Structures are given as structure tokens and as C-alpha cells.
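Have a look at the structure below, then the notes.
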Amino acid sequence: MTTLGNLFLGLAALGSLLAIVSLFWGRAMGAKDGESVTNLGYYLTFGVFGALTVSVGTLLAAFFREDFTFQYVVENHSTDVSNLSWLYKFSGVWAGREGSLLFWAWLVAMFGAYIAWKRMSETDDLSNMSLAVFNIVQLFFTVALVIPLNNPFKVSPAEWLGADGELLISAAMNPLLQHWAMILHPPTLFLGYAGMAVPFAFAMGALIVGDGSKRWVTLVDRIAVFSWLFLGIGIGLGAIWAYVVLGWGGYWAWDPVENASLLPWLTGVGLLHSFTVYRRRGGFKKWAIWMSTVSFVLVILGTFITRSGVVQSVHAFQKDNLSLWLFGAMMVLPLVGTLWGIMVRSEEFKGADEFDSLVSKESSYYFNNVLMLLAAFFVALLTMAPAFGGKTYGPATYDSIARPVGILYVFIMAVCPLLSWRKTEGPAFWNKAKWPLVSTAILSVPLLALWYMKLLPVARRTVEAGFPFLLHNFYAITGMMVGAFAVSISVYLFVEGARKRAAAKGEGFFSSLGSILTTARTQSGGYLTHLGIGIILIGLVGSAMFVDEVLTTVPDQVGSTFEVQNYVFTYQGIVENELPNGDVTSRLTFDVTKNGRPIGTVTPGQISFYRQQQTKLEASVIVEPLQDVFVVFQNFQDAAISMQVKINPLISWVWVGFVFTIVGTSLAAWPKKQTLNLLEPATSTKAKPKKR
Amino acid sequence: MNKRARNRLIGVTAIVVIAVVAIVASTGSSDGAYYRPVGEVVNDASLVGERVSVGGEVVAGSWDKKSNPMRFDIREEGEDDGAVISIVYHGGVPSTFGDGVVAIIKGELTEDGYIDSEDMITKCPSKYETATGSLTVARALEQPEGSTFPVNGYVVADSIQPPGGGARFVISETEGDGPEMEVIWEGALPSGMDSGSQVVVTGSLEGGSFVASDVSLAEGEQ
């Protein structure tokens, strides 16, 4: 069966190669004569998708049959016996590097087939060339899979298997991956990664044919939003998984793998906003091309970081120079190609940019791009530094950039919809900014009170006195107020838009609001996303800057207690349970009181995985609106229980904001014909959702 | 494009870029650490007082999760007699922490030769052994010298010796009975290994003794 998988991998690679050849050849023969050759390129793109589907299917079937002749299945099959166990047969496909690369290549092929299907009826020059570029990307991926290091169809060594195909060695899926978020996290992230190849392919296509019109952007901008959405969902699920499973009480540690997923998301923000200006104003043309390329390159860099181990261990790549060259080429060639293309096509891609003032919509979009590029550049630089013999950096360095840049960024994001194109007139601006500012002032009162009463005492204990302490609190206060400002402006834009529409159409306020949400989806989706980001920023200030951590031990006797802030935990005993697969779960129970009043129980525990010789901590969390109490049972030794408790302020706000951004972005990505009202006339200075 | 507006734009951009570079430079110098092998950190006196990043396998039995801060040793990865350094770790212990796990530590190398750390990442252990598929002692003793294979057996009572002097321990075919084989092994013993434990040793016969390249407890023992 492994041969079948490899055979279809080979066919997919051949298919991509032939598709590239026929698309270019068809073009050389001219639109009329070359039509059938060009069409062949489209059919071959479907064929590639089909071949990779067989490959993925073969691997998936191997998981369901527990076919241990697949080395990959041996190393990544789940031993779980819960009712999620059948799902882990699917997630086995993306639990390891080889399988996840295959799965990813398959998703790329799916996007390829989708474009081919959409553009089949036109077979216009732009689509043909974009599809050719897309197949080049596809070819790289498929070839990378054939390299032994990445090949998911390696045969298990004979000594691993008994006479009846039973497994003699102990190997299995990493138990930390046996969690619902890990079933969903990789596919969503990979879907986002794969989709980022589409804007790149069309940007290259547009450069090849020299079409500087907004056509290529309108063809791909929904796919770009869709991909960015899935990148965001993937990052969020990863954060949830880290919070719930890794048991260290945080959700973001600036770990190389996390950074890898963040990079294309950051430049993706710049990409989407450049597309907006391109579509609506005919500006930011070169920005849009560059952001497409950079986002794609960062996706490749992300895979390289995640799947090579190049950062954690400097030696990981020495054994596989071929992959290093392949991935290196996939990063360098797009950049070189774009640079060259933009030089050659400079005239066609001259944008109608009008920077009349620093206080204008154009300049806010510009700084949006600059800050995102800057952030991505530094995060990439710091992440990759150890691979080039540099230092490894901890969260303090990343935070030192993320805090000021993030707060400034959210401020620009918040204020952008209030600015006018070209130049913002003072009175008009203040007229629009008036209510959001009042609302920000009102929201700041409870936030500042919270900071003073809850957060400041923690900072006094955890942050170095003097300048660092002042800066820490300055960031905290500014961050909260900017977050409140972003929330206020987004709400104002909806209220104002609905009010105006209701007055003009004689409708009710809420039906107008509903119409705005359903018709002007790009804009209202964008504003909902802005709203979510504002909430996330407030949540980040609390949960990333003011965490209170306590490590303590309790005597192993029912009734013994420990205290954290105003919570008292009373030990009630332990329950141990052996599962049919030999895993042992232990669960401790503590009664919890807050200010003397009982508020329930927590049951932190551990699972010892029999086959993998590994333990997993199972944290127990008390979720309150203003904070989480995160309780971890560390260890059980002699006559004491070692416990770790973290108080994470405002962490729920991060999840709530995350949901808003997902809903908002989904709204913007919803695939339907663009409504005309979004294409505002060039002279309009209105930034709110327009009626029609 | 308005020329004055463009100049201002460039000016503001330059200020932002310079500010970010300055912030990174100032924080990064205190937070960053060079990745160094354990052996280099142990021997290079110039690193004392510097922040370093070191990775190595957690030495079996060297740690006590209960102590706070936790103290443990790590050994150069993949080298059973490699250099060892002590770590004093402040902070929550990751899920995956345990004997043989590769821990990547970042912290300050103190004058007393240990690393004071608040930052640890663990890689997942990749060492699994099973008694199934390995040879019995009797069968092992019939194998030609020099070929490498796994053997399972039971540790003979009171046979475990400190490293550095010939046989480290002796294993027998069944618990307390059957043919016996001396095992030469200089690395750390798996935690929990004791008289009567079932172990899986991998290596080859040399001059009647079994020279092990790996020793681990059999699955049933964990």
C-alpha cells in the first residue's frame, strides 16, 4: 500500500509539471491555436488534485486499518480509548511532519482545482498564467514529499513487526496531541497556509501578463480573506490548546512554532488592507503584490521552522540538505521574481495613490502595512537568529516590541475608519470622533479601577521597580484605553450607519442594522473584526502583563488547605483510574472558597500514558468574567502535593474578542457576488457602512 | 503625490523604525542567550555571569518536582557519558518533563557552575522500548559477538554496581532463575530500576559480557 501512495505522489508531481508546460506552451501558441493545450493545463490541475486525494486517502485508510507497515502510522497512531478515538485516526494524518506536509500539499491542490474550476470557462491570460505559477508551487510541495525525510509512505523496518503484522515496538502519537483542539488546529492552519498561495499566484500572474487593473484582486480577495480567517482560527485554537493542555497557564510563549503561524497572519492583515485600497482607489498596487509574495514566503518560512526543527536544534537540518535547498529556493525565488517583475512592470502597476496629508485614510493604510511588515520582520529575525548562530530570545524581547507596536497598531486600526481619503478635515473628524471619545472615557473608568485595584498590586510584586514598572503600567493603561477606543469606534460606526439608514429608508433601527450586516459585508465584517481586536487588546493587557503565579505544597491529608489571593483550596482526596489501554488518570478534588464563600470545586489531575511513557497535566480552571484561576497538580511525592496556581486576569476577554474577529472575518469572507455599494465613488469621504 | 506629505510620511516611518530597532536592541541584549552545548558551558569560564541557552537530556533521578525552585541535571544529548550541568529552575514544570526528556534551558551561568533559569522548553521523549521482540538471555548468549540486538531479562538481586568498574549489573532469564548475563553500561540507570526489575538492554556481546548502548525498563515495569 505504501507503493500506491508513492505512485500517486509521483503522478501528482508529473501532473503539475505537465500543467506548467502546457499552460506556458498554450500561451506561446496564441490564444486561439493554443486553446486546447491551455485547456489541458486545467484538466491536469484537476488530475493533480485527484492523485493527491488518492495519496491522502491511502494514508488515512492505513490509519483506520492500523496498517503498521507504514512507518508513519506506527509513529503517529493514537492509543486513545475515549469516544474521540476515531477522530484521532484522522488527526494521525497531520500529527507528524511527513503526513502534515502531504495533507498540506493536498489542500494546496484543492485550491488549485477550485481556481481551475472557477476560471475554466474563461481561460483568460491572467488566469492561465496564475494557474501556471500555482502549479509551480504545487510541484515544489509534491517534490518535497518524495524526499525520504518528508515521505509519509516509508515502510517500517522488518524488526518492528511480528508475524501477524502486530507492532513489536512501542511508538504512538504524542499524547499531548490527543485533544480536540489538536484535531482542528492543524487543518485550519494548513487551510490558511495553503490558501495564501492563491493571492501569490495571481500576483505573479498579473505581473507576467502586465495587467495592473484590479481584476486579479477581485478574483482572489475573498480567498485571501478566507485564508486569513483560517490562519486566525488556527492560531486561536493553538492558543487554546496551549492553555488547556500544556499546563503552564499561558496561551502564548513566543515559541518558534507559534511565531511561525503568526508571521503570515501579520502580513496577511497588510495584504487584505492593500487589496481594499487597490479595489476601491486603484492605489497600493505594488504594496498588494509585495504583501502577497511576502505572506506566501512567510508561510514557507513557517513550515520550515515548524517542520524542520531548525530553530530548536541547530543540527537538525544537516542531514537533509536537499530539503534545505528546496525550501530555501521556495523562499528566495518568489522574492527575486517579484522584485524583477515589479521593475519590469513598474509602469503598469503605478498606483493612483494620493498622499495629501499625514492624517488621511491612505496614510493609515500605509502605516498599517509598515507596522505589520516591521513586526513580521522582527519576529522572523528573532525566531531565526539561533539557526544562524545568533542568540535565542525569550518572551521579554518579543514583548518589548509587541507592546508598543501592538498598541500603536490598534490605535491606527481604530481611527482609520474615521479618517477621510486624501486629507482629513479637522471639524469633520471631530464631529465623527466626538461620541467614540466620550464612550472611551466612560469605558475607561471601570477599566482604570480594575487596573488600580486588581492589576497594580500584582505588578508591584512581579515587575522591577523604577522605569520598567512605570513603562509596564504606562503600556497597560494606554493599551486598555486604546482597546476601549477601538470598541467604541466600531460600535459607533454600526449605530451611526443604522441610524442614518433607518432615517433615510424609514425602517426600524434594528432592521437597518441587520441590512448593513448582510449587505455591506466586507465593511461590517471588518468593523466587527476591529471590535474583536479591541476586546482582545484589553484581554491581553490583563492576561499577559499581570499574571499572578503561586507554587505551593500541601500535606497529603484530606482537609489540608492552601490560599492564593482571596481563594482558599481545601483538599478532598484523589481518585485514580486505569483505562483499558493501560493509561492511568489521577484526579484530585479541592473545595474552593472565595472571600469565605464556597464557589465550587476544582479537579486538577494527570494522565500517565502507558505506551508513550509520558504524563500530561490536566489543569482545572475556574472561569470568572474578570479572571481565570488556573490550578495545576504538579506532582505527588512522599506526603505532600505540589500545586501551581495562576490567576490570569481578563483572559476570557481574549477568547470573546477572538470570537468577534472570527465572526467578523467570516462575514467578510462570505462568498457571494460583491454588492455594488461597497465600491464607493472616489470622491466619497464617508467611512461608515453605506446604505443601498 | 503631495511632496511635503510624502516627506513627512518618510520621516514618521523612519522614526518608527528607529524606535523599534532601539527597543529591540536594548531589551534583546538582556534577554537573549547564545545556544551552547553542555560541554562548552561547563568548560568555558568566560560564560560565567552570562545568559546562556543549553539543551540536554534530563539525568534520570536527578530531580524532585516538589522542590521549589526545582534542581536537576542535564546531560549532553545522545551522549551517555557526556558533560552534565545542574539547573536551578524557577517556574512551572512543563507537562512533558521527566527522565531522559530533552530540556532546553535558558538562564544565567552562576559562579557555582549551575544555571539559574526561569525558562524551560521540553522536547518530547523519543525513547521507547518493549520486551516484545527482544531476545531472552539464553538466546542472546548464543548470538555471535559484535551483532547488535535487544535483550530482556530480570536484574539479579544486589547485582547493581556503581559505574566505572566492569559489569554494572547482571540479568537473568527469569526472575531469580535461569542463565545469567553481565551487562556493561556506564550511563545512568532508568529511574525505578532495582533488583528484580525487568529491563530491556540493547547492545552486543563482547568477551562473554553484554556491552549495552541503551538500558531501559521493560514496559510492564513503568
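Every read-out reported here was derived from the displayed coordinates using simple, explicitly stated rules and does not represent laboratory data. Keep in mind that what you see is a predicted model, and the values were worked out from it rather than measured. Please note: Cβ atoms are built from the backbone with ideal geometry, for glycine as well, and neighbour counts cover all protein chains shown.
In a simple Cβ point-charge model (Lys, Arg +1; Asp, Glu -1; nothing else charged), the protein assembly as shown has a dipole of about 7540 debye relative to its Cα centre. Report the GluC sites (Glu not before Pro) located in the range A:412-516 that are in a DSSP loop and have at most 10 other Cβ atoms inside 10 Å of their Cβ, or state none. Here the sparse-neighbourhood loop sites are A:Glu464. Dipole size of the range B:140-222 about its Cα centre, with +1 on Lys/Arg Cβ and -1 on Asp/Glu Cβ: approximately 220 debye, rounded to the nearest 20.
Based solely on its DSSP helices, what 222 nm [θ] is calculated for chain A when runs of n ≥ 4 H residues each add -39,500 (n - 2.57) and the sum is averaged over all residues, nearest 500 deg cm²/dmol? For chain A, the value works out to -21000 deg cm²/dmol. The value obtained for chain A, namely the Cα convex hull volume divided by the number of residues, is 182 Å³ per residue. Over 20 Å between Cα atoms: which of A:Lys154/A:Lys616; A:Lys118/A:Lys214; A:Lys434/B:Lys3; A:Lys118/A:Lys285 fall into that group? Cα-Cα > 20 Å for A:Lys154/A:Lys616; A:Lys434/B:Lys3; A:Lys118/A:Lys285; rest within. Cross-link partners of A:Lys286 among aspartates and glutamates, defined as those whose alpha carbon lies under 13 angstrom from its own and excluding same-chain residues fewer than eight positions apart: A:Asp211, A:Glu347, A:Glu348, A:Asp353.
According to the square roots a ≥ b ≥ c of the eigenvalues of the Cα gyration tensor, what is the shape class of the range B:17-115, taking rounded for a/c under 1.5, prolate for a/b larger than b/c otherwise, and oblate for the remainder? Cα axes put the range B:17-115 in the prolate bin.
Dipole check for the range B:1-109: with +1 at the C-beta of Lys and Arg, -1 at the C-beta of Asp and Glu, and the Cα centre as origin, the magnitude is about 1380 Debye. Helices in chain B, meaning DSSP H runs of at least 4 residues, each add -39500 (n - 2.57). Divided by all residues, the mean residue ellipticity at 222 nm is -5500 deg cm²/dmol.
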